[in-house]
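Each remark here refers to the structure printed beneath this line.
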Amino acid sequence: MGFLEHPVIDQYAGLSSPIHAVEPRIKLVSCLGLMVSIVSLSSVAALVGAVLVLAVFLLVSRLPVRYVLARLLVALPFSAAVLFLLPFTEGGSPLLVLDLGFWHLAASREGFTHAVVLSLRLVAALLVVTLLTSTTRFTTLLRAMESLRVPPIFPRLMEFTVRYLFILVDEIQRMQRARQSRGFKARRLWEPTTLRTLGQLIGVLFLRSLERSERVYLAMRSRGFSGQVRVHLSFRVKPWDYCWSGLIISVALLLMAVDRGGFWH
């Protein structure tokens with residue numbers, strides 16, 4: 001089983017940058033540690049600083065800005081909902097009062113600050129995940145997890161989940177081409193014909209995916225697969241890896257000092 005080559009996963013993993021050159025195990029542990037320290041922050045200043053630092057890391061990694069922003073779109077619905085609802089549901093000093101006659105709404109300053117903190121935490125966490133997964137090949141990351149003595153079931157589940165997602169997408173595309181070749185055109189979603197066709201699509205997709213997964217499993221067993229992926233991949237720690245670890249630790253300590261106010265005193 002070779003490296004997974006898919007534009008969604010390893011599109012920019014082959015770039016040349018100082019962050020790409022970090023040893024995968026060091027990068028995994030440092031990014032997870034940085035994420036833990038970031039989600040523990042509770043001040044807006046520290047979280048804004050974390051986002052800015054991560055933005056610098058992403059610029060150094062040479063990842064396209066449009067690609068990073070597309071990843072951040074995942075946080076947009078959650079952040080919008082939190083920023084709209086939390087100020088009106090959390091008590092505190094009023095920041096904005098809306099009198100609709102039959103309904104009186106008051107947005108609190110504390111609720112708005114809490115919503116901003118939650119949104120910044122999510123953005124920072126997504127930036128860390130983007131930095132880790134976009135600068136390291138997917139299979140290399142899995143092998144790094146195994147080298148760190150992570151229980152084998154977890155990287156194996158991640159690997160097969162991704163592989164079977166590709167199979168599922170392939171089946172959907174084949175069925176879509178087949179429907180288009182028969183002249184099917186989707187109209188309004190609530191029309192009975194469209195709903196009936198979508199229901200049939202879901203049922204057939206489930207059966208085809210099940211059958212294809214059975215064929216994949218039997219093919220793997222016939223090739224001697226016993227639950228362990230054997231790859232010739234070795235890791236070697238270089239001096240730059242120690243520098244990267246020291247940089248991440250310094251950033252985490254600095255952010256926690258800013259968060260607790262110790263940086264200003």
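Within the stretch 17-66, how many residues turn out to be surrounded by 14 or more Cβ atoms within 10 Å (Cβ to Cβ), assigned to a helix (DSSP H, G or I) and not hydrophobic (A, V, I, L, M, F, W, C)?
Total satisfying the criteria: 7.
Looking at Leu233, Leu189, Leu198, can you tell me which residue is more than 30 Å from Leu32 (Cα to Cα), of a type in the set (A, V, I, L, M), surrounded by 11 or more Cβ atoms within 10 Å (Cβ to Cβ) and modelled with pLDDT under 80?
Just a single option satisfies the conditions, and that option is Leu198.
Being of a type in the set (A, V, I, L, M) and in the same structural domain as Arg212 (by TED's automatic domain parsing) is the requirement here; does Leu157 meet it?
In short, yes.
Going through the stretch 67-87 one residue at a time, which ones are farther than 27 Å from Ser16 by Cβ and surrounded by 15 or more Cβ atoms within 10 Å (Cβ to Cβ)?
Ala75, Ser79, Val82, Leu83, Leu86, Pro87
Among the residues that make up the stretch 67-74, is at least one of them at pLDDT below 85, in the same structural domain as Gly261 (by TED's automatic domain parsing) and not polar (S, T, N, Q)? Walk me through how you get there before you give the answer.
Within the stretch 67-74, the first condition is being at pLDDT below 85, and the residues that meet it are 74.
Now restrict to residues that are in the same structural domain as Gly261 (by TED's automatic domain parsing): 74.
Narrowing further to those that are not polar (S, T, N, Q): 74.
For the stretch 67-74, residues at pLDDT below 85, in the same structural domain as Gly261 (by TED's automatic domain parsing) and not polar (S, T, N, Q): present.
Run Tyr12 past the list (1) modelled with pLDDT under 90; (2) assigned to a helix (DSSP H, G or I); (3) surrounded by 14 or more Cβ atoms within 10 Å (Cβ to Cβ) and report the number of the one that doesn't hold.
Checking Tyr12 against (1) modelled with pLDDT under 90; (2) assigned to a helix (DSSP H, G or I); (3) surrounded by 14 or more Cβ atoms within 10 Å (Cβ to Cβ), the one that fails is (2).
For the stretch 30-70, name all the residues that are over 21 Å from Ala115 (Cβ atoms), in contact with a Ser or Thr (Cβ under 8 Å, 6 or more places away or on another chain) and not polar (S, T, N, Q).
Leu58, Val60, Arg62, Leu63, Tyr67, Val68
The values are calculated or read from the model by the stated rules, or taken from the named source; none is laboratory data. What you see is a predicted model; the values in this text were computed from it and never measured. A quick note on method: Cβ atoms are made from the backbone with ideal geometry, for glycine too, and the neighbour counts reach across all protein chains shown.
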